[in-house]
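The structure appears below as structure tokens.
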């Protein structure tokens, strides 16, 4: 006859509460960083017409600018990306959300900025 020895130890169930709290803390930290980023920038859609479209090779693009930016700030960012726009800068008109806009109008998230150079035709 064989004898069997059984070792008895106290079993402590795994406590996941610390792991869950740590995960929640990390998640909150990431969410706050996303919120901070979102509060520091806005995304606008830029539309290019006529010569502006020819210079950029695009009909539209997304542009991320700092919160509080005005139309000239957006134009400056575009000039960095597309230096060729400088040839029509003096004669182009800017429209914000399908309306001509004063230069000091602040752009908001998801606004649409149209770059409209003079158009000739007959």
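Read-outs throughout are calculated quantities, based only on the coordinates presented, and are distinct from any laboratory measurement. Since we're looking at a predicted model, the values are computed, not measured. Here the Cβ is made from the backbone with ideal geometry for all residues, glycine too, and neighbour counts use every protein chain on show.
Observations on the model:
- By the count of neighbouring beta-carbon atoms within 10 Å, fewest first, 109, 60 end up ordered 109, 60.
- Reciprocal of mean inverse Cα separation for the range 40-116 (Kirkwood radius, Å): 12.2
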